[in-house]
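Values in this text are rule-based calculations from the coordinates and carry no lab data. These figures come from a predicted structure and were not determined experimentally. All Cβ positions, glycine included, derive from the backbone under ideal geometry; neighbour counts span all protein chains shown.
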Amino acid sequence: MPYDYGLWPLVVLNVALFGIFAASFLRPMEKREWRSLGVLSAFVVALFTEMYGFPLTIYLIAALLGRLPAGQPFSHESGTLWAGLLLGPEWGAVFMLIGGLLMGGGLWLVASAWRLIHAAHGRFVTKGPYARIRHPQYSGLLLGIAGALVQWPTLITLVMAPVLVTMYWRLAKREDRELEMRFGEEYRAYRALVPGFLPARITWWIRRRSSSARHIVRGLLRQPNVPPVKS
């Protein structure tokens, strides 16, 4: 059985590349931003440690289930745990592709938004990704986190992901208040038209599906209990 782990130089390299990305595009200034970056850095370290260093999650799952995931669980070519546990190892490439696209899209979104903010020199930005969402940098980071969970899920990153979502949601709310104080009515009008994290079409679709699901559940709950017919 192949064992594609113990590659600690790759762990160090990938964590270092993330550090360069964070220093180039995130640039935290306040305490709360440093705190969120610290949690994100811990997420990245945990991700690459299990991806290339030591597969802790595979061992824990094997101990709980009494068996290893299907296929070659210690081979990177076999794909992710989602494939090994749910659909079969032949689906591994699909999860890797989807996760890679999500992470690539997230990195692109963060970089695109940062370039616009940097070029604006403090002016109010409403073009590019900011024309569709108010917080594209946070959306990009969350998209990258989602891609990592699709491509290479671990127990530690699955636990940390909701913490990161909550932290970035709070940061976005605080930024909304600060920008409203700074730009006044201009930002209030912008906020009324542009969603925070997802484009308007996607937000509308999610709300519509959620509303339909609620109506179905309510209809099921309101159905009268018809007594069985006695023969």
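Assorted remarks:
- Neighbour counts of C-beta atoms inside 10 Å place Val159, Val11, Val94 in the sequence Val159, Val94, Val11, starting with the fewest.
- Whole-Hz Karplus values for segment 166-182 come out as 5, 5, 6, 5, 5, 4, 5, 4, 5, 5, 4, 5, 5, 5, 5, 5, 7 Hz, taken residue by residue from phi with 6.51 cos²θ - 1.76 cosθ + 1.60 and θ = phi - 60°; glycine and proline positions read x.
- Label sites at Phe21 and Ala62, each approximated as a point 7 angstrom past Cα along Cα to Cβ, lie 2.9 nm apart.
- Residues Trp34, Trp152 arranged by fewest to most Cβ contacts within 10 Å: Trp34, Trp152
- Global form of segment 152-208, assessed from the alpha-carbon gyration tensor, a/c cut-off 1.5: oblate
- Sequence of Phe124, Phe95 once ranked by neighbouring C-beta atoms within 10 Å, starting from the fewest: Phe124, Phe95
- For segment 8-221, the equivalent ellipsoid derived from the alpha-carbon gyration tensor has semi-axes of 34, 24, 15 Å in decreasing order.
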